[in-house]
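The values are calculated or read from the model by the stated rules, or taken from the named source; none is laboratory data. Predicted model only: the values in this text are computed from it and were never measured. Because the Cβ atoms are built from the backbone with ideal geometry, glycine has one as well, and the counts that use them run over all protein chains shown.
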Amino acid sequence: MLTLSGVSAGYGSFRALFDVSIEVRPHEAVGVIGPNGAGKTTLLRVISGLVSLSAGEMAFEGNSLAGLSAHRIVKHGIAHIPENRRLFPRLTVEDNLRMGAFIPNARRDFAARLAWVYDFFPRLKERRNQLAGTLSGGEQQMCAIGRALMSRPKLLLMDEPSAGLAPLLVQQVFELVGRIRDEGFTVLIVEQNVSQILDIVDRAYLLEVGNIRLAGSAATLRSHDLIRTAYLGL
């Protein structure tokens with residue numbers, strides 16, 4: 001579904017990714033793990049068109065994404081849930097969800113998509129007229145996920161969904177990710193919580209200092225000595 005081959009990217013003269021190659025297949029959940037500053041967020045921004053490639057190729061369902069603007073990439077079926085949720089705090093929950101349905105196909109089917117999101121997240125229906133900025137952290141993450149799902153994406157990009165949340169809410173968020181995966185969505189998720197993420201993805205990549213250090217099934221990475229000592233404390 002998604003392939004990145006030899007991708008390099010960065011910000012001005014600073015390069016954050018070096019010759020990165022990954023693949024995401026239909027209906028699987030793939031994790032990208034690694035420390036702060038490894039380039040994980042940049043990787044998702046490259047895929048969603050917020051950061052341009054400086055080298056390499058990127059394709060989605062056989063079509064090149066290189067050089068496409070972010071809004072055109074959304075139309076291809078890729079939705080990005082950014083780190084720290086990035087809701088519109090002075091808009092209601094429902095208006096935030098409406099913002100996720102701005103592409104023509106989603107606008108035409110807005111009522112059905114909204115009903116589906118409310119069925120998936122009943123709490124959002126209860127809070128639909130509440131300002132998003134007044135929600136709890138866990139509810140804000142639900143709203144951010146719901147906003148992305150309003151476009152019925154083929155690929156969902158999730159950037160550090162557990163960031164800034166209390167431990168109890170972290171567990172709830174990972175349960176939400178598991179539900180989304182069980183619904184058949186294809187998910188690429190960036191996360192520092194290595195133990196939790198390896199429980200819910202099919203495969204994972206270890207990204208360190210802008211390079212892919214390891215790749216394999218979740219079980220393979222969990223049993224690897226580097227992961228066990230550096231990330232799992234075993």
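Restricting the stretch 58-67 to residues that are of a type in the set (A, V, I, L, M) and modelled with pLDDT of 90 or more leaves a set whose member that is surrounded by the most Cβ atoms within 10 Å (Cβ to Cβ) is 58.
Determine, yes or no, whether residue 210 is out of contact with any Cys (no Cβ under 7 Å at 6 or more places or on another chain), of a type in the set (Gly, Ala, Ser) and modelled with pLDDT of 85 or more.
Working: out of contact with any Cys (no Cβ under 7 Å at 6 or more places or on another chain): yes; of a type in the set (Gly, Ala, Ser): yes; modelled with pLDDT of 85 or more: yes.
Yes.
Scanning the stretch 161-201 for residues being among the polar types (S, T, N, Q), touching a helix residue (DSSP H, G or I) at 6+ places or on another chain (Cβ under 7 Å) and part of a helix (DSSP H, G or I) gives a total of 2.
Restricting attention to the stretch 41-50, does a residue exist that is out of contact with any Ser or Thr (no Cβ under 8 Å at 6 or more places or on another chain), over 21 Å from residue 25 (Cβ atoms) and among the hydroxyl-bearing types (Ser, Thr, Tyr)?
Yes, the conditions are met somewhere in the stretch 41-50.
The number of residues in the stretch 33-54 being within 15 Å of the chain's Cα centre (by Cα), farther than 23 Å from residue 231 by Cβ and part of a loop (DSSP other than H, G, I, E, B) comes to 3. Candidates in the stretch 1-57 are the residues that are without any contact (Cβ under 8 Å) to a residue 40 or more places away in the chain and of a type in the set (D, E, K, R); of these, the one that is surrounded by the fewest Cβ atoms within 10 Å (Cβ to Cβ) is 23. Would you point out the residue of the stretch 82-139, among those that are of a type in the set (Val, Ile, Thr) and in a helix (DSSP H, G or I), that is surrounded by the fewest Cβ atoms within 10 Å (Cβ to Cβ)? For the stretch 82-139, the residue satisfying everything is 134.
Taking (1) of a type in the set (D, E, K, R); (2) crowded, with 21+ Cβ neighbours inside 10 Å; (3) touching a His at 6+ places or on another chain (Cβ under 9 Å) in turn, residue 147 satisfies each apart from (3).
Collect the residues in the stretch 134-150 that are modelled with pLDDT of 85 or more and under 27 Å from residue 46 (Cα atoms), keeping them in residue-number order.
140, 141, 142, 143, 144, 145, 146, 147, 148, 149, 150
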